[in-house]
1. Using alpha-carbon pairs under 8 Å, 6+ residues apart, how would you state the relative contact order of the stretch 81-191 in percent?
2. log₁₀ I(q)/I(0) of the stretch 161-306 at q = 0.10, 0.19 Å⁻¹, via Debye over equal Cα point scatterers, no solvent, to two decimals?
3. Round to the nearest 0.05 the FRET efficiency obtained for Lys192 and Ala143 when R0 = 35 Å and r is the Cβ-Cβ distance.
4. Could you tell me whether the stretch 245-316 comes out rounded, prolate or oblate from its Cα gyration tensor? Rule is a ≥ b ≥ c as square roots of the eigenvalues, rounded for a/c under 1.5, then prolate if a/b exceeds b/c, otherwise oblate.
5. Fewest to most neighbouring Cβ within 10 Å: what's the order for Val66, Val285, Val155?
6. Indicate the gyration tensor shape class of the stretch 92-185 (rounded, prolate or oblate), computed on the Cα atoms with a ≥ b ≥ c the square roots of the eigenvalues: a/c under 1.5 is rounded; otherwise a/b larger than b/c is prolate and the rest oblate.
7. Could you give the length gained on full extension between His59 and Gln180, defined as 0.36 nm per residue of separation minus the Cα-Cα distance, in nm?
8. Please arrange Thr73, Thr110, Thr121, Thr268 by how many other C-beta atoms lie within 10 Å of their C-beta, fewest to most.
Amino acid sequence: MSKSLPRSPTTSHLTLSVARKALMSLATAILLAGCADLAAQNGSAGNTPLGTNTGTAAHNSPRLYVLDCGTITFASVAPFGLTDDETSVRELAVPCYLIDHPDGKLLWDTGLPAAMAGTSTPTPLPNGGGTFTYQHSLLEQLADLGLTPADIDKVAFSHMHFDHTGSANLFSASQLLIQQTEFTAAFEQADKFEGVFEPSLYEDLAQARRRMLNGDHDVFGDGSVQIISAPGHTPGHQVLRIDLANRGALILSGDLYHFRFNRTNRRTPVFNYSAESSLTSMDRVEALIKQDGAEFWIQHDKALYDTLRISPAYYD
Ligand SMILES: [Zn+2]
């Protein structure tokens, strides 16, 4: 059922840049931003709660839930390796994803910092570089599905940047699936990366049960949910491939690309760990997309995100 994957590339050494530092200053500024009052719930109707207390309808293939874990709007896209006249897009979606597999639940990315939740109107970043929103926390959205963090068996991150690890500390009882290279960088050498990582967001995972990865990983052993190593944006960046019984194969990009323009023009952010590795990963993932006829979602693509079914609706 699962096809063999092209081999994983290796990473090369880090090149720091002033622009990356600028973006990470922005990230820090975002973390420090205040939070507005929590907006009223406005969940969709017509879906069965997932929690064991409420009874989950039996299903024998994965279901994918897309959760709204914020937006970021930048004044300039220069940190992403683009000039401001190359794309008019400034807003990034920040989704989280729950994969409900018959053998367990996997959370993929945890969005903006939990402390920022409750911000329903665009809130200026302290440094003037843009705005963010984050309406309902990931925790609340899981509760809408009848779930608590204790129901999440496994947690994995495309990478450990602040906009993907914002609720990570809630899941210290879950099994962490992480590349050895990402663990080393984010947990043991974060100080070497000059603000790229924000360890306070995920420090509780340091003692979590974990499966250290050195390449691709078949999460549930049946080929239906596969972590695919795609280093470059960070040392252990990865993407996720899901075989949905009805919709077909789907790959979640992580931050292999931020904007469509990055993909069509093979452009890497200036704050990447390794542009060379990113380009190799792009080649590998694009080959996989072609080989499998897979659908490909750029996670931060707001225009795409706006077309998606959001939890409690799901894809299967
Ligand atoms: Zn990101």
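1. Answer for the stretch 81-191 is 26 percent.
2. Scattering profile of the stretch 161-306, log10 relative to I(0): -0.35, -1.29.
3. Efficiency at R0 = 35 Å is approximately 0.40.
4. oblate
5. Ranked by crowding around the Cβ, least crowded first: Val66, Val285, Val155.
6. It is oblate, given that a/c is not under 1.5 and a/b is not larger than b/c.
7. Additional length available on full extension: 40.3 nm.
8. Thr121, Thr73, Thr268, Thr110
Where a number appears in this text, it was derived from the coordinates with a stated rule and is not lab data. As the structure is a prediction and not an experimental result, all values here were calculated from the model. As a convention, Cβ positions derive from the backbone with ideal geometry for all residues, glycine included, and neighbour counts pool all protein chains shown.
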